[in-house]
Amino acid sequence: MDLDEYLFYEKKKSKDFSDNKFAQKLGYSKSYFSRVLTKKITPGAHFLYALDKLTEGKVDVLKMLREAYIEKDKG
């Protein structure tokens, strides 16, 4: 599952869920998390590890990494 899809479902499950709270649980700022979401930066290994752990493997972090490097190679 993509990160956007995961966030969508979590927001539907809980009105208390927010990107900011999720970013805090990951140990990152809202601005860093936002830049990852908008693909302005490539997430680092620590971020991907934390994301994988927090989402219990529901988000395909390897796909995120592959897509980030494919986009870099195009540019």
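The values are calculated or read from the model by the stated rules, or taken from the named source; none is laboratory data. No experiment lies behind these values; they were computed from the predicted model shown. Methodologically, a virtual Cβ is constructed for each residue, glycine included, from the backbone with ideal geometry; neighbour enumeration extends over all protein chains shown.
Data table
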read-out: Hits in region 9-57 (condition: under 26 Å from residue 69 (Cβ atoms) and of a type in the set (S, T, N, Q)); value: 29, 31, 34, 38, 42, 55
read-out: Residues located in region 1-16, provided they are in a loop (DSSP other than H, G, I, E, B) and of a type outside the set (Asp, Glu); value: 1, 14, 15
read-out: Identity of the residue in region 32-52, charged (D, E, K, R) and surrounded by 12 or more Cβ atoms within 10 Å (Cβ to Cβ), that ends up farthest from residue 2 (Cα to Cα); value: 35
read-out: Verdict on residue 12 being at pLDDT 95 or above, of a type in the set (Lys, Arg) and touching a helix residue (DSSP H, G or I) at 6+ places or on another chain (Cβ under 7 Å); value: no
read-out: Of all residues in region 29-75 being modelled with pLDDT under 95 and not in a helix (DSSP H, G or I), the one that is farthest from residue 18 (Cα to Cα); value: 75
read-out: Selection status of residue 5, out of contact with any strand residue (DSSP E or B) (no Cβ under 8 Å at 6 or more places or on another chain) and loosely packed, with under 13 Cβ neighbours inside 10 Å; value: yes
read-out: Selected residue (only one of 64, 1 is touching an Asp or Glu at 6+ places or on another chain (Cβ under 7 Å) and of a type outside the set (Lys, Arg)); value: 1
